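The values are calculated or read from the model by the stated rules, or taken from the named source; none is laboratory data. All values derive from a computational prediction rather than experimental measurement. Quick reminder, even Gly has a Cβ in these numbers, built from the backbone with ideal geometry, and neighbours come from all protein chains shown.
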Amino acid sequence: MIINMKKSLFNLFALFIIAVNVLAQEATFESLGVLPGGQNSMAHAVSADGTIVVGQSESSLGPMSGIEAFRWNENEGIVGLGDLPGGIFTSFAHGVSSDGNIIVGTGWGDGFTEALRWENNVMEGIGFLPGGTDSFAYDVSDDGLTIVGYGFDSDGFSMAFRWTQASGIEGIGFLPGGSESTGFDVSGDGSVVAGYAMRNDGFYEAFRWTESGGMEGLGDLPGGNIESYAWGVSSDGSTVVGWSSTGPVDYEAFRWTEAGGMESIGDLPGGGTFGMARATSADGSIIVGEGLIDGGSVAFYWTENEGMRNLQEMLENDYGLDLQGWTLSYASSVSDDGRTIVGYAVNPSGQTEAFRVVLPEATSCQAPGSFFLDEVTESTASFSWNSSPSDVSGYNWFVMNLGESPDMNDPVAGGTTLSWMTWATATDLTPDTMYHVYLQTSCDGGEQSDYAGPFMITTTGGGDECGHSTPSNNFELAQGFLHVLEFAHDFKVDAGNVFTLHELTVNVIHDFDAEIGLVDIHIYEDNDGAGPGEEIGSYMGIVPTITNVYPEIPLIIDAVSVDLSSYEISLEGGEDGKTYWIGFFIPSYEGFMGTYWESTTNMSTSEYGAYHRLENEPWTQGNPIADGVYTLTGECSVLSVNDTLKDQIILYPNPTTGIINLQTKEKISSVSVYNSAGQKVSFNSLNKENTSIDISNLSSGVYFVEITNDKTVKRHKVIKK
């Protein structure tokens, strides 16, 4: 399987830093398959030029489908390498020479695990430490003449070794006072070994070994246990990478250099604090490994400019690869130039499978760095970016209509800055409108970089503050039930208008010993004047702001306010005006009186007034001559021509646990779902008015549902619980 695509032209942009996307550059993703009879495979190493991959795969050879070392290239595909004579059929390939012709790893010989060397279709064991048993090889020098790993010495302790054809296996010792060591990686010329060893206090410490200096402990990162592990060394031997404890259950990937010592390279957002650097490019500038996000372990790609990035998100967002169904779990090796990454992933069938990624060669004139949205109004947007590392004469910026690009269409706004100016302001934009921004570097000599982008900006609405309310009458009445209670009040959106909800405040009466915690908000259609009808949106677990309003009364009367502005709840009045209901649910209370809604005979201008109910029970109208005390504020604006499709769509429930219903008046041609980083995670091709989509397979979070017909495209923000 090979995926090779140019970047798609859609990438949602939220108000945070987002990594640069560069058009017109291509990347490839290849799944390497499995050996005959197997279901799972893993890639462990790649040759210096990225063309040869080695690892392990299940195989039909040997009893019970043994594990067999493999070698892969584009011409031959995945090829099994056999195993050592004697013992159970088992072999692993962990390292490969620069030209891909010599492979090292581990096999099962006559009763012992033995380090192996493969060349010219011949696999042979390289022996053991003097008087010891079992040996494991993990890496080999560029010329294939030096192998590193570990074995058990005559005392039964593991010891890092270095093998050459002239001297055979030789142990390289321990840290002072320690009794165990493991060698994992070797420099290109075979003179530097990286690994970890036990100290005299029983903790493990990363080491760097040289012939002249012996084994040197590299220390650890601050915090946590005194513990670190080195798993990779650059080809020139100057950079060591690995991971170190930084807290009771926290581990961070590190990069060590002689000048800077051991330094953390950061952590992926989400999940716990965990990073494991596995390999580095020849000069130490690019590092790959494994990180942790909310969904589990993922491969990462690190550079000094961009920091640590989720490799799969980088491929999908920056290069437009469609990796739906795949989870890139682990990056185990990288080529000398940092462009070819290998590792293993969970494929769409749920099996573990080796992969190879090839990134495009960087152009000499590089696009600008990360994009920042600094300020946005109804008609302007100010933004900035990180400078390009190239020799810059200036920057070009383009604000485009959604879906258009500067190489195909005229910009809505644009300009050129001087070389030292990494900011711009676009003016004369349309209120409440989405745009795409592209950036381009002009380099000395007249060369232009590829475009970076698109980055999304949305101007603010052009509406006025408005709202609906019933004011208090100094505590006149109360209505409701004991304990579990939901209140609801009607309000009307005028014809041709959109009402965007900002805040709801309800006056609540409760016992002294009752405390109001999280609250839930529900939006309902009108039930033909008989109270709330079908639910069209729900917003759960909101932390309220609580203010006591009548301290002189021997009851607790609180104004309970919830901020709804972040949910982007916009309700439309249609052609004739439309009535909606907003429900306010508060949890159970223990106490004599329970919870009630302050009411007043100062009736509001609403049509139907206050309703309430026990949880999941039928709605009950309160006192017909009294109204609940509440204030609902927001922004009112007139529907524009571009709002036509949105006016025809009802999307519910929101938030959702999986199913999203779409009620429309016009046929929808497609529905796509994007995560908050702009990655398309679902697509449905349709030709119907009313339908539903299922996102139950997606993790909890914020998503954007893109609804398309033959005239326009609209997006709705959805929360997946």
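Would you confirm whether or not the stretch 474-491 contains a residue that is surrounded by fewer than 16 Cβ atoms within 10 Å (Cβ to Cβ) and modelled with pLDDT of 85 or more? Give the derivation first.
Going through the stretch 474-491, the residues surrounded by fewer than 16 Cβ atoms within 10 Å (Cβ to Cβ) turn out to be 474, 476, 482.
Next, from what is left, pick out any that are modelled with pLDDT of 85 or more: none.
No - not one qualifying residue is present in the stretch 474-491.
What's the total number of residues in the stretch 624-655 that are at pLDDT below 80 and assigned to a loop (DSSP other than H, G, I, E, B)?
10
Out of ARG339, ARG356, which single residue is of a type in the set (Lys, Arg) and under 30 Å from GLU258 (Cβ atoms)? Before you say what the answer is, go through the steps one by one.
Details: ARG356 fails: under 30 Å from GLU258 (Cβ atoms).
Sole residue among the options that is of a type in the set (Lys, Arg) and under 30 Å from GLU258 (Cβ atoms): ARG339.
Residues are listed down the side, and each one gets a yes or a no for (1) among the charged types (D, E, K, R); (2) touching a Gly at 6+ places or on another chain (Cβ under 7 Å); (3) touching a residue at least 40 places away in the same chain (Cβ under 8 Å):
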{"position": "VAL192", "(1), (2), (3)": "no, yes, yes"}
{"position": "GLY195", "(1), (2), (3)": "no, yes, yes"}
{"position": "GLU205", "(1), (2), (3)": "yes, yes, no"}
{"position": "LEU221", "(1), (2), (3)": "no, no, yes"}
{"position": "GLY237", "(1), (2), (3)": "no, no, yes"}
{"position": "VAL241", "(1), (2), (3)": "no, yes, yes"}
{"position": "GLU258", "(1), (2), (3)": "yes, no, no"}
{"position": "GLY271", "(1), (2), (3)": "no, no, no"}
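Of the residues LEU315, LEU359, LEU321, LEU311, which single one is in contact with a helix residue (DSSP H, G or I) (Cβ under 7 Å, 6 or more places away or on another chain) and closer than 26 Å to GLU30 by Cβ? Quick ask: steps written out before the conclusion?
Values: LEU315 fails: in contact with a helix residue (DSSP H, G or I) (Cβ under 7 Å, 6 or more places away or on another chain); LEU359 fails: in contact with a helix residue (DSSP H, G or I) (Cβ under 7 Å, 6 or more places away or on another chain); LEU311 fails: in contact with a helix residue (DSSP H, G or I) (Cβ under 7 Å, 6 or more places away or on another chain).
Step by step, each of LEU315, LEU359, LEU321, LEU311 is checked, and only LEU321 is in contact with a helix residue (DSSP H, G or I) (Cβ under 7 Å, 6 or more places away or on another chain) and closer than 26 Å to GLU30 by Cβ.
Only one of (1) under 23 Å from GLY95 (Cβ atoms); (2) at pLDDT below 95 is not met by THR340, so which one is it?
(2) is the only condition that THR340 fails.
Every residue in the stretch 577-623 that is closer than 17 Å to LYS492 by Cα and at pLDDT below 80, please.
MET603, SER604, THR605, SER606, GLU607, TYR608, GLY609
Determine whether the stretch 80-90 contains at least one residue that is in contact with a Gly (Cβ under 7 Å, 6 or more places away or on another chain), surrounded by fewer than 24 Cβ atoms within 10 Å (Cβ to Cβ), under 22 Å from LEU321 (Cβ atoms) and modelled with pLDDT of 75 or more.
no
Check every one of the strands (runs of 3 or more DSSP E) wholly within the stretch 330-424 and list those with 2 or more residues that are touching a strand residue (DSSP E or B) at 6+ places or on another chain (Cβ under 9 Å) and acidic (Asp, Glu).
Working: elements: 340-346, 352-358, 371-376, 381-385, 392-401, 413-418.
Strands (runs of 3 or more DSSP E) meeting the threshold: 371-376.
Is there a residue being under 16 Å from LEU651 (Cα atoms), charged (D, E, K, R), modelled with pLDDT of 70 or more and in contact with a helix residue (DSSP H, G or I) (Cβ under 8 Å, 6 or more places away or on another chain) anywhere in the stretch 704-716?
No, because not a single residue in the stretch 704-716 is under 16 Å from LEU651 (Cα atoms), charged (D, E, K, R), modelled with pLDDT of 70 or more and in contact with a helix residue (DSSP H, G or I) (Cβ under 8 Å, 6 or more places away or on another chain).
Conditions first: (1) buried (at least 24 other Cβ atoms within 10 Å of the Cβ); (2) out of contact with any Ser or Thr (no Cβ under 8 Å at 6 or more places or on another chain). ASN200 passes all but one, so which condition is the exception?
For ASN200, the exception is condition (1).
State whether one or more residues within the stretch 451-470 are surrounded by fewer than 21 Cβ atoms within 10 Å (Cβ to Cβ), modelled with pLDDT under 85, among the charged types (D, E, K, R) and in a loop (DSSP other than H, G, I, E, B).
No, the stretch 451-470 contains no residue that is surrounded by fewer than 21 Cβ atoms within 10 Å (Cβ to Cβ), modelled with pLDDT under 85, among the charged types (D, E, K, R) and in a loop (DSSP other than H, G, I, E, B).
Of the residues in the stretch 338-391, how many are more than 30 Å from VAL412 (Cα to Cα) and either touching a His at 6+ places or on another chain (Cβ under 7 Å) or not charged (D, E, K, R) (or both)?
Filtering the stretch 338-391 down to residues more than 30 Å from VAL412 (Cα to Cα) leaves 338-361.
Applying the additional criterion that residues be either touching a His at 6+ places or on another chain (Cβ under 7 Å) or not charged (D, E, K, R) (or both) yields 338, 340-352, 354-355, 357-360.
Of the residues in that region, 20 qualify.
Can you tell me which residues in the stretch 112-134 are among the acidic types (Asp, Glu) and either exposed (fewer than 14 other Cβ atoms within 10 Å of the Cβ) or over 17 Å from MET159 (Cα atoms) (or both)? Break it down into steps so the answer makes sense when it comes.
Taking the stretch 112-134 and keeping what is among the acidic types (Asp, Glu), we get 114, 119, 124, 134.
Within the stretch 112-134, GLU119, GLU124 qualify.
If we only count strands (runs of 3 or more DSSP E) wholly inside the stretch 223-270, which ones have 3 or more residues that are polar (S, T, N, Q) and in contact with an Asp or Glu (Cβ under 8 Å, 6 or more places away or on another chain)? Quick ask: steps written out before the conclusion?
Details: elements: 228-233, 239-245, 251-257, 261-264.
Correct list: 239-245.
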